[in-house]
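Just so it is clear, none of the values below were taken in a lab; they were calculated from the coordinates. Computed from a predicted model, the values in this text were never measured in an experiment. Virtual Cβ from ideal backbone geometry, glycine too; neighbours counted across all protein chains shown.
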Amino acid sequence: MSKKLFLFPGQGSQEIGMARDLFRDDEHFCSLVDQASAITGEDLRTLCLKGPEKKLMQARYLQPLIVAVSLGYLRHIQEKGVKADFVLGHSLGEITALAAAGVIDNKLAIAISAKRGELMDAAASLCSGGMMAVLSMESIQVSALINKLGLQNKIFIANENTPNQNVVSGDIFALDDLSASIAQAGGSSKKLHVSGPWHSPYLRGAYERFNAWVEPIQFSKPHVPIIFNATAKPESDPLKIKKLISLQLCQSVYFKQCMEYCKNQKIDKILEIGPGRVLAGLARANGFMQGVDVYSVNNLRGVALAVA
């Protein structure tokens, strides 16, 4: 029997003009964007469609927009009767996954992602930090280079995405030093278009404030298993789920391990639902190859193709 995984992207998958087809005549989607605009005090429809990119990259605006876009296409998938056997979000995508699994509703997902982005921006303003993708190196090799340079208190592995693709987070000047060392070791690196050192101890303050803010919010038990970045396995206890989505702010995203769990569940259909196609590529790089259908549902045409 076929098993389906719904994947939800996080920051880095955005582009100016995303969800243009949803803005045309999807009233539910537009209501979510209007809600996010009211919370942030910014016209997010115009920002999403026209930019500028530098402003769009700010977490307090970008995070509720990405969640709204993902939820917009998810609703069209669900209306066609397609259901997930598992859901998984990458970083911010976990908030979308909570809504997809019935832990929270769509409006609460927008509110949570907006607060998350606000607190992350505030934490980023207190340091000079960024993120960098490291290619063609395993995480143990990256850690060894960080230690060799004596940067273990300035740079941290933020994402383990595939066996040979990791993301580090930390001080921007230290990232330059690490990049040079990576090149000498035969690897390659690329700075990411993010506004802070996400998933690192630099976000400890954001974690503490977010954890306190989300604590009184009512969560329900998921009606479909959610695989969490912090543990690479499902969790159904609402109180533990709150802790996991909070901890994720200041610790690593174990996406590679999440993908390994999915392979063990014999998943054979993957739908990446939301802007971009980053996670579809990561799924293939994690071994979902022959016999596994992978779809990028980033427009209404993608919805039709995935449903068909």
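How do 120-133, 213-226 rank on mean C-beta neighbours within 10 Å, highest first?
Peptide ranking by packing, descending: 120-133, 213-226.
For the range 184-279, what value does the Rg/Rh ratio take when both radii are computed over Cα atoms and Rh is the Kirkwood radius, given to two decimals?
Result: Rg/Rh = 1.01.
Between Asp268 and residues 5 or more places away or on another chain, which pairs have amide H atoms under 5 Å apart, with H built 1.01 Å from N, and which residues are they?
HN-HN under 5 Å from Asp268: Lys3.
When the convex hull of the C-alpha atoms of the range 129-191 is computed, what volume per residue in Å³ does it have?
That works out to 62 Å³ per residue.
Rounded to the nearest 20 debye, what is the charge dipole size of the range 129-191 about its Cα centre when +1 sits on each Lys and Arg Cβ and -1 on each Asp and Glu Cβ?
60 debye
Take the Cβ-Cβ distance between Ser31 and Met289 as r, set R0 to 25 Å, and report the resulting FRET efficiency rounded to the nearest 0.05.
0.05
For the chain, what is the per residue volume of the convex hull drawn over the alpha-carbon atoms, in cubic angstrom? Don't jump to the answer; show the numbers that get you there.
On the way: hull volume 37.5 nm³, N = 308.
Here the figure is 122 Å³ per residue.
Size of the dipole of the chain about the Cα centre, Lys and Arg at +1 and Asp and Glu at -1 on the beta carbon, nothing else charged, in debye to 20?
I would put it at about 340 debye.
Which of these, Ser296, Ser181, Ser113, has the largest mean-square fluctuation under a Gaussian network model of the chain (Cα springs below 10 Å)?
Judging by the Gaussian network model, the answer is Ser181.
Starting from the Cα of Arg20, step 7 Å toward the Cβ, then list every residue of the range 265-304 with an amide N under 17 Å from that point.
Only 275-277, 298-303 fall inside the zone, counting backbone N under 17 Å.
Mind checking which lysines have their Cα closer than 17 Å to the Cα of Lys266? Skip sequence neighbours fewer than 8 apart in that chain.
Here the lysines satisfying the reach criterion relative to Lys266 are Lys3, Lys4, Lys83, Lys233, Lys256.
Excluding Glu208 itself, calculate the net charge of residues whose Cβ lies under 15 Å from the Cβ of Glu208, where each Lys or Arg counts +1 and each Asp or Glu counts -1.
+4
Cross-link partners among aspartates and glutamates for Lys269, C-alpha distance below 20 Å, same-chain residues fewer than 8 apart left out?
The qualifying aspartates and glutamates are Glu79, Asp85, Glu94, Glu260, Asp293.
Taking only DSSP H segments of four or more residues, each worth -39500 (n - 2.57), what value at 222 nm results for the chain once the sum is divided by all its residues, to the nearest 500 deg cm²/dmol? Mind dumping the intermediate values first?
On the way: 14 runs with 149 residues, N = 308.
Counting only the DSSP helices, I get -14500 deg cm²/dmol.
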